[in-house]
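Peer 1: One structure coming up, written as structure tokens, with questions to follow.
Bear in mind these aren't lab numbers, they're just calculated from the coordinates by the rules spelled out. The shown structure was predicted, so the numbers you read here are calculated from the model rather than taken from an experiment. Every residue, glycine among them, receives a Cβ derived from its backbone with ideal geometry; neighbour counts consider all protein chains shown.
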Amino acid sequence: MGDLSSRRVFAFFSAGFVFSLAEPIFLLLTGSSIVSALWPMANRTLEWTFTLREIRSFLFGIFLILIPISFHRRKKASVYEKLASIFVTGASLSFIMMYILLNYAYIRDAFVLLPTTVGFTMFCAMIIGFDLPKNPFQKSGRDIKNSINLVMILFSVWLFVPGLPAMAGLLPSPPELEFEDGQYNVETTSYEYPMPENVSSIQGDYEADVVFSVYISKPVNYQYQMPLAIILHGFASPQYESYIDWVEEMSSRGVVVAYIQYPSDVMPPGYDNYTLLEQYGMSNHPFHLPRAVAINAALDFMVTKLPDNTNTDNLLVGGHSLGAGYAFLALDWALDRGWANESLFVDLESPYARPVQDHLQPDLSRLPSNFIAHVAITEDDMSVNDCFGVYHQKLLGEDALFIEIPSDRYGFPRLVASHYLQATETHDTLADWGFYRRVALQSNWLVANTLNEDITAQGLKEILVGSPELTNMGVWSDGKSVEELRVFHDAINHESYDHCKKWEGP
């Protein structure tokens, strides 16, 4: 490595390696959980990926130029160029190690361009900063330093080669959804609600910066009666911005939407020494109790902030992940008040457990005859067991459709159905087809019922209960059909979900 000492090389490589990990290490040392420490990096990974998709052809051209330049500079590079390249190599290696962990846990090979870009970068940096590996089958190439160089070069090639067809624009592209946009602009106002003292006194620090509020979104200059939708967020994701696309898709079509924030980080008595039991789509988490109190307080407060032309006889109750489990609480609360007696839609997205406690069980004998439900899971959900949704469908009865949103990795961008498909941050083509299309149809159905447009409402209902118009996902640019939504009218008794019956005990 020329005039660079091994100690100097190690120092700059280590500095680069630590540089990429500095933020999560700092967050861990300051008391954050492992999930909280990795979350900023996960968000940036997502942002970078969407940016790379936009500039992939330009980036491909840049790397085609950089590779020969790197070989050219290899023997002429100054000490500073070599040290910078060594630093970049260390940073690239630590970043890709973190990415591999995130990919295994969440991303599921959806973001092919990020490892491609890092692999290219590492390859060029190694050419400049390190000696080129010698033939390992010759005696001169059988030392540890040469072996490390060879492994690193091969690793970088392994990273970037699979993404070359995507970066070069050689793979078929997914279909863009052509669907009529909502007619109205959306106005949103947040209202802080009084958190019950028995909840605020046991809140943790994770959500200390959240002003727990009810967000009311309504279509601007809409003069007719508006149905109401109540939406609840997932665990540790109270930010309105994470679900703004869901809310605004509904509200732009004539629905007033109440987005309910509730605290996830609570520490009730027994929170640290209970034995978890999950059965029949329920769990015995002690956290359910204070969260239910907070949700109830938010709903009571919500009533005072709804627009005058809100029609609660027509209602949607929905949620994502943990919020989908708690949608049963909001539904029971609404039915207690005589709401939803004309039409009701329940939308449970990637649902987690509902509470097992007796006093938190919903009385669904009051469901109206004009009732539809979607219980949707995603194929590559690494966070929530699909059996929760299976039992939620069983509880909701024959009018509930169980939907699997499939992953299709045929072209680029890969259509990977993760747990976070419904979040605004991951709004992509698959989300449009598998989620937002359903949201638009649900909204239109509610509005048609509210305006007594019976023929329109009936036509939309026929689609929403599982017609090909709902399940079709379009075709790739080369004519191959995208995998369709899979629908089940009785998932618990389908062979695909026999494994869920173990939750029913011996």
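Peer 1: Convert each backbone phi in region 293-300 into a coupling constant with the Karplus relation 6.51 cos²θ - 1.76 cosθ + 1.60 (shift: θ = phi - 60°), then list the ³J(HN,Hα) values in order as whole Hz, x for Gly and Pro.
Peer 2: Couplings: 5, 5, 4, 4, 5, 5, 5, 4 Hz.
Peer 1: Got a sec? How would 402, 212, 19, 120 order by Cβ neighbour count within 10 Å, fewest to most?
Peer 2: Listing 402, 212, 19, 120 from fewest to most nearby Cβ atoms yields 19, 212, 120, 402.
Peer 1: With +1 on each Lys and Arg Cβ and -1 on each Asp and Glu Cβ, and nothing else charged, work out how big the dipole of region 1-65 is about its Cα centre, in Debye to the nearest 20.
Peer 2: Dipole about the Cα centre, nearest 20: 100 debye.
Peer 1: Okay, next question. Mind checking the dipole of region 6-167: about its Cα centre, +1 per Lys or Arg Cβ, -1 per Asp or Glu Cβ, Debye to the nearest 20?
Peer 2: The dipole magnitude comes to about 700 debye.
Peer 1: Along the charge dipole of region 58-137, which of 119, 105, 130 sits closest to the positive end, that is, farthest toward it, with unit charges on the beta carbon of Lys, Arg, Asp and Glu (+1, +1, -1, -1)?
Peer 2: Checked the options; the winner is 130.
Peer 1: For residue 208 and residue 79 in one chain, what is 0.36 nm times their gap in residues minus the Cα-Cα distance, to one decimal in nm?
Peer 2: Working: separation 129, 0.36 × 129 = 46.44 nm, distance 4.79 nm.
Extra length from residue 208 to residue 79 when fully extended: 41.7 nm.
Peer 1: Please give every one of the aspartates and glutamates within straight-line cross-link reach of residue 76, meaning a C-alpha to C-alpha distance under 14 Å, and leave out same-chain neighbours fewer than 8 residues apart.
Peer 2: Output for residue 76: 3, 131.
Peer 1: To continue, here is another question. For an R0 of 41 angstrom, estimate the FRET efficiency from the Cβ-Cβ distance between residue 105 and residue 221 and round to the nearest 0.05.
Peer 2: After rounding to 0.05, the efficiency reads 0.35.
Peer 1: Determine ³J(HN,Hα), in whole Hz, for all residues of region 77-86 in sequence, where each value follows from phi through the Karplus function 6.51 cos²θ - 1.76 cosθ + 1.60 and θ = phi - 60°; x replaces Gly and Pro.
Peer 2: Per residue, the Karplus-derived 3J(HN,Hα) values read 5, 6, 4, 5, 5, 5, 5, 4, 5, 5 Hz.
Peer 1: How would you rank 209, 381, 332, going from fewest to most other Cβ atoms within 10 Å of each one's own Cβ?
Peer 2: So the residues, fewest neighbours to most, are 209, 332, 381.
Peer 1: Show me, bin by bin at 20 Å from 0, the whole-percent P(r) of the chain based on Cα pairs.
Peer 2: 21, 47, 25, 7, 0
Peer 1: Could you give each residue of region 473-485 its phi-based ³J(HN,Hα) in whole Hz, using Karplus coefficients 6.51, -1.76, 1.60 with θ = phi - 60°, and x for Gly or Pro?
Peer 2: With coefficients 6.51, -1.76 and 1.60, one gets 10, x, 10, 5, 4, 9, x, 6, 5, 6, 4, 7, 4 Hz.
Peer 1: Just want the ordering: 6, 33, 156, from fewest to most Cβ atoms lying within 10 Å of their own Cβ.
Peer 2: By the 10 Å Cβ count, ascending: 6, 33, 156.
Peer 1: Between residue 134 and residue 155, what length in nm is gained on full extension when 0.36 nm per residue of separation is reduced by their alpha carbon distance?
Peer 2: So the extension gain works out to 6.0 nm.
Peer 1: Taking a spot 7 Å from the Cα of residue 456 along the direction of its beta carbon, which residues of region 221-248 have an amide N less than 13 Å from it?
Peer 2: 223-227
Peer 1: Please state the relative contact order of the chain as a whole percent: Cα pairs under 8 Å, 6+ residues apart?
Peer 2: 13 percent
Peer 1: Separate question: Considering the dipole of region 6-167 built from charges on the beta carbon (Lys and Arg +1, Asp and Glu -1) around the Cα centre, which of 33, 167, 71 is farthest to its positive end?
Peer 2: Checked the options; the winner is 71.
Peer 1: If you take the square roots of the eigenvalues of the alpha-carbon gyration tensor of region 231-282 and sort them as a ≥ b ≥ c, do you get rounded (a/c under 1.5), prolate (a/b over b/c) or oblate?
Peer 2: Prolate shape, in that a/c is at least 1.5 and a/b is the bigger ratio.
Peer 1: If you filter region 275-330 for chymotrypsin sites (Phe, Trp or Tyr not before Pro), then keep DSSP loop positions with at most 15 other Cβ within 10 Å, what is left? Each step should come with its number before you reach the end.
Peer 2: Details: sites: 280, 287, 301, 326, 328; in loops: 280, 287.
Nothing satisfies the criteria.
Peer 1: Write out the cysteines belonging to the chain for which the nearest other cysteine Cβ is not under 4.7 Å, or none if no such cysteine exists.
Peer 2: 124 - these cysteines have no disulfide-compatible partner (Cβ-Cβ under 4.7 Å) in the chain.
Peer 1: Hey, if you put +1 on the Cβ of every Lys and Arg and -1 on every Asp and Glu Cβ in region 186-504, which of 367, 203, 488 ends up farthest toward the positive end of that dipole?
Peer 2: The residue sitting farthest along the positive end of the dipole is 367.
Peer 1: List the GluC sites (Glu not before Pro) in region 153-262 that DSSP assigns to loop (not H, G, I, E or B) and whose Cβ has at most 11 other Cβ atoms within 10 Å. Which are they?
Peer 2: Numbers: sites: 176, 178, 180, 187, 192, 197, 207, 241, 248, 249; in loops: 176, 178, 180, 207.
Hits after loop and neighbour filter: 176, 178, 180.
Peer 1: Shape verdict for region 380-492, please, from the Cα gyration tensor: rounded (a/c under 1.5), prolate (a/b greater than b/c) or oblate. The partial results should precede the final answer.
Peer 2: On the way: a/c = 1.82, a/b = 1.29, b/c = 1.41.
The shape class here is oblate.
Peer 1: Please get the size of the charge dipole for the chain, origin at its Cα centre, with Cβ charges of +1 on Lys and Arg and -1 on Asp and Glu, quoted in debye to the nearest 20.
Peer 2: Here the size comes out at about 3160 debye.
Peer 1: Just how many pairs of Lys in region 186-504 have C-alpha atoms closer than 27 Å, counting pairs that are eight or more places apart or on different chains?
Peer 2: Taking the Cα cut-off of 27 Å, the pair count is 5.
Peer 1: Would you list, by chain and number, the lysines whose Cα falls below 29 Å from the Cα of residue 82, excluding same-chain residues fewer than 8 positions away?
Peer 2: Within the straight-line limit of under 29 Å, residue 82 reaches these lysines: 134, 139, 145.
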